[in-house]
Each structure stands twice: as C-alpha cells, then as structure tokens.
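In what follows, a structure is listed as structure tokens, so that the remarks can point back to it.
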Amino acid sequence: MNNAEASPDKLIVIPRSQHSISRKSISDSALKVLYRLSKSGHRACLVGGAVRDLLLDIHPKDFDVATDATPEEVRALFKNSRIIGRRFRLVHIRFGRDIIEVATFRGHDEDSAKTELDTHGRILRDNTFGDIEEDAIRRDFTVNALYYDIHDYSVLDYAGGLQDIEDKCLRMIGDAATRYQEDPVRMLRAVRFAAKLDFEIEPVAVSAIHEYGHLLAAIPPARMFDEMIKLFHSGSAVRVFELLRHYDLLKYLVPALDEWLQDEPSEMMLDFIDQALVNTDSRVNSGQSLSPGFIFAALLWPVVHQQANRLQSDRRKMIGALAQAGETVMKRQVRHISIPRRFSQMARDIWTAQPRFHRTQGKQPLRLLAFPVFRAAYDFMCIQAMVGLFPHKLSHWWTDFQLKNQVEHSTERKPAQRPRRRPRRNAN
Ligand code: ATP
Ligand code: MG
C-alpha cells in the first residue's frame, strides 16, 4: 500500500527506553508548556518538526505543542499567551524571544460548516477539534505526525512516520493528490523537507506535484511570502532551488527568473545565483542574520541586470537604468509574493548600489559606506566578483576600504533586539 492511513490499531508506541529523544534537547519553554498543560489534566505532546528533527539528531527550529485543551483553556493557563489565526486558531505562548505554538488536536468533520473549501478543494477555514488520532492524520507527511508524550516520554506514531524516517522517505498521509488540492502549499513543504532532511519524496507524491503544481498560482501572495522565506532560509537553499526547478515550481515563486532560465542564461549569472545561495546557506548554518531583501535581490538580479542593460549601454548612467528595471521587475514579482516594502526597497537599493562600487575616488566611497544597505550591497558585490561579474581588484579595494573604516561603521546605532518573529503556522 502506498498511502499511509492512520488508525488506532496501527498506533506504534515507542517507550522512553527505546528512542533517543532526551528532555535535555527540548527547550525549557516547551517543557514548561508541556508540564503545565499535563499538570492541569490535559494531554500534551511535542509534535511535528521538533519530534522529527530530534529523532534525526537535528536541532529543531521551533517546538510545537499539541493538546486536547481548547485555545481558551490554554490561554487561561498562560498569562504570556495570545490566541492567533483565523483559518486555524492557535495559541502563542511567549517566553522572552521564544514563542511556543500550541494547537488543539484537530478533527475531521465532513459535514461541518466549520470546514470551508474553495472551488479547487482548498481548505479555507477549519476549526473542528478532535482527538490525537484524528489530529495525526490531518498532518501532511508521516514524518511530521509523530508525537512525544510528556506524560510518559514515549513517542507515538499513528502513520508510519518512524519507518519513513528510517527509510528517509517523505510520504504524504492519505492520498497525495487530494492533500495537495486541500492545500497546494504542501508541495512547497515537500520540496523544503526533501532538501533540508535529504529525503526522497515518494513517487506518487512526486507525480501529484507534476499534476497539481498549477494550484500554487491561487495561493494568497502573503502566504507565498512566508513559504518562500522558509524555503530559502532553510539552510538548504541550494538544494531547494534545484528541486524547485526540477519540479517546475519555480515559476510560481519567481516567474521572471524562471523565464530567464529557459532562455539560454549566461554561465556567469547562473554561477552568481548558485554562489548567492551557497552564501545564504552558510550564513543560516552559522547563525548569521539574513534578510529576505537579499534573497530577492539575488534571485532577480539576472533579470534586472538584463533589462537595465537593454535600457542603457552607458555604464555611467547605469544607476538610473537599474532603478527603472528594478521597479518594473519588482512590480511584477509582488503580484506573486507580497514582499514587505522594507525588503523590496532593500533589494532595489542593493541593485542601484552596484555601479557605485566602480567609484573609488573622492567622497563617493565614504558616501556609499554610509548607505543603510552598504553591508548587504557589499556582500552582493563580492559574490559578483567571485563569479567574474565584477573586477576582483576593485572588490579587494572595497574589502580593504571598509575594514579601514570599520570603526565608524561599528559605531552605527544597532536597532533594539525584537522578539524572534514566529511565522504563522500555515496548516489548513
Ligand atoms: P520546521 O522545521 O520548518 O518547523 P515543521 O514540520 O515543524 O518544520 P511547521 O510549519 O512548523 O513545520 O508545522 C508544524 C507541523 O504542523 C508540521 O510538522 C505538520 O505536522 C503540521 N503542518 C504544518 N503545515 C501543514 C500543512 N500545510 N498541512 C498539514 N499539516 C501541516
Ligand atoms: Mg515547526
């Protein structure tokens, strides 16, 4: 049988003595939430990516909790909490910069007026509560449907996820085609997990991507932004990009780049994209900050560069041409992914800063150094230099120059640290 179906008789319980998840690797905040829920008489489990990652010996990005307590009951137990979400109501509990997301077990009620579908079968709103087994089969992939029960520290597997972790297989719970129709973003999630975990997507889920990829065109641009960031900030952006191209999904995210790629792209620009993604991954994996503005600047650069060159052959007038091309390209892009203005502006500033790196005389370099996007624009220029799109000698000059002027640079006022933004959970 290809499709995993969950039923209580298939429940596999792995006692604490037989799995590798230790409480030491679970965040204090998550443990607090789990224990308080449990002490108040509720069922409380760690679920989703955290259980999957801990079993794979990967440090989880975040800790999600599932419980039989309703959002209101959770809210009443934690002062530092708030209910969020419309499509699916969740509770966010804040501990300093840490946010623990608590979801009430979801059920499935075909007749329920609470499950709203659109004409493609996409679930718009769903607030039916259920028990843990029902909750398990509503999740996307079997490896994401494992529960760590705080009551006895066992791992509960309702959908065969443990075997799939062993086999490095990404298997959809239920019929892949139906599950993609309910929520097409699951196709992007498949790509993300396949890349991040180095798993194979099961063949039926791959063919369903070919068949239903087009449904991604109807996803609201705000949700596409969240997913885009998760894809490219996953620490596996190089592989994500390869898979998006392989499954022909790039056109729903960055259509202009997809078209450029079809059209005999220059080797140097291809190397540029590749190198920008390599840098992105190494920044993420070494805990350095990364702006979505930089990702969009890099992915759209071949298109912006090409259009600016068509507008203007005189290099001295390149800033204006880049500004114009950048505006046109960005206008089209935000129809697919709603990029918050600060990020789209950053991308445009990075582009128009590039010709300024050719100027090393007079006051120009110090002026560029004072640009708010200098650091990102400089990194961008260095990547261009690495692949032969910018003179090496000049890039070395800038490296020396900004090092010499680092004192002034480092005294720049740093913005106050804000709590880590926890993206909304995108489950249906
Ligand atoms: P990450 O490491 O990126 O946090 P994750 O698997 O935890 O991966 P989240 O987006 O945090 O992913 O979602 C938490 C869990 O919620 C998932 O593991 C999955 O069980 C469930 N889930 C999230 N999005 C969906 C979806 N679109 N459809 C079904 N289940 C989903
Ligand atoms: Mg998660």
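Some points to look at:
- Test: R36 is of a type in the set (K, R), under 26 Å from the mean Cα position of the chain (by Cα) and either away from ligand 1 (no atom under 16 Å from the Cβ) or under 21 Å from S234 (Cβ atoms) (or both): no
- Taking region 57-97 as the range and being of a type in the set (G, A, S) and more than 16 Å from ligand 1 (Cβ to nearest atom) as the test, the residues that pass are A69, A76, S81, G96.
- Failed item in (1) more than 11 Å from ligand 1 (Cβ to nearest atom); (2) surrounded by 19 or more Cβ atoms within 10 Å (Cβ to Cβ); (3) under 25 Å from I26 (Cα atoms), with G161 passing the rest: (1)
Residues checked against (1) buried (at least 17 other Cβ atoms within 10 Å of the Cβ); (2) within 20 Å of R171 (Cα to Cα):
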{"site": "A208", "(1), (2)": "yes, yes"}
{"site": "E211", "(1), (2)": "no, yes"}
{"site": "A222", "(1), (2)": "no, no"}
{"site": "L231", "(1), (2)": "yes, yes"}
{"site": "D263", "(1), (2)": "no, no"}
{"site": "F272", "(1), (2)": "yes, no"}
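- Some residue of region 150-162 being touching a Ser or Thr at 6+ places or on another chain (Cβ under 8 Å), part of a helix (DSSP H, G or I) and either modelled with pLDDT of 95 or more or among the aliphatic types (A, V, I, L, M) (or both): yes
- Residue in region 332-354 that is more than 19 Å from L253 (Cα to Cα), more than 32 Å from the chain's Cα centre (by Cα) and crowded, with 18+ Cβ neighbours inside 10 Å present: no
- Residues in region 186-205 that are in contact with a strand residue (DSSP E or B) (Cβ under 9 Å, 6 or more places away or on another chain) and either of a type in the set (F, W, Y) or part of a helix (DSSP H, G or I) (or both): R186, R189, A190, V191, F193, A194, L197, F199, V204, A205.
- Some residue of region 122-130 being under 22 Å from the mean Cα position of the chain (by Cα) and either part of a loop (DSSP other than H, G, I, E, B) or at pLDDT 95 or above (or both): yes
Per-residue answers, yes or no, for (1) within 16 Å of ligand 2 (Cβ to nearest atom); (2) modelled with pLDDT under 95; (3) of a type outside the set (D, E):
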{"position": "I12", "(1), (2), (3)": "no, no, yes"}
{"position": "P15", "(1), (2), (3)": "no, no, yes"}
{"position": "V33", "(1), (2), (3)": "yes, no, yes"}
{"position": "S40", "(1), (2), (3)": "no, no, yes"}
{"position": "C45", "(1), (2), (3)": "yes, no, yes"}
{"position": "L54", "(1), (2), (3)": "yes, no, yes"}
{"position": "K61", "(1), (2), (3)": "yes, yes, yes"}
{"position": "A69", "(1), (2), (3)": "no, no, yes"}
{"position": "R82", "(1), (2), (3)": "no, no, yes"}
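The values are calculated or read from the model by the stated rules, or taken from the named source; none is laboratory data. Here the structure is a predicted model, which is why all the values come from computation and not from measurement. All Cβ positions, glycine included, derive from the backbone under ideal geometry; neighbour counts span all protein chains shown.
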